[in-house]
Amino acid sequence: MNLDILVEKFKQKDEKAFETLYAMYSESMHGVIFNIVRNNDIAEEVMQDVFIKAWHKSDTYSSQKGRFFTWILNIARNAAIDKTRSKNFKKTKQNLDASFFVDIIEGHDSLDDKTDAIGIKGYVNKLAKKCIEVIELLYFKGYTQTEASETLNMPLGTIKTRNRNCIKELRNMVLN
């Protein structure tokens, strides 16, 4: 069936057209969403929401403005970005073990042997404990500077200064 006819039927709330378009585009949409949220279950959930939103807003699609694929792709990308900005999503990321992100840290408390997987173990081990704490929260657990400040019970300015100085120290070690 011609895509233009299929999209017109979709706009008229034809369920068969919905199913066909879903089959055509769901894998691509899932991939785009997954690349943003980095969690298969969340990507699946957002993808379902995207197709429901497209169904309800189908009358807003215009072929003069662009292709249907581009239209639904934009809905998917925006939904995935909105999901990552949500408080609930951020809280679940904070509660994850740091190894979830980059497979560098084995536990919550310290950088260990897995750090060597990217060849940085020797450098990280040379940093002061205060640097490791800040780097772990900001870069491996995804905390904002404000959240790290609250977690470590330090002023925000101290976190910012420590972060800058520790990264500078790490950069100097790696580059020299």
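A few comments on the model shown:
- Restricting region 42-72 to residues that are among the charged types (D, E, K, R) and modelled with pLDDT under 90, the residue that is nearest to the chain's Cα centre (by Cα): Arg67
- In region 45-69, the residues that are among the acidic types (Asp, Glu) and either without any contact (Cβ under 8 Å) to a residue 12 or more places away in the chain or surrounded by fewer than 15 Cβ atoms within 10 Å (Cβ to Cβ) (or both): Glu45, Asp59
The values are calculated or read from the model by the stated rules, or taken from the named source; none is laboratory data. Everything numeric here is computed off the predicted structure, so don't read it as measured data. Here the Cβ is made from the backbone with ideal geometry for all residues, glycine too, and neighbour counts use every protein chain on show.
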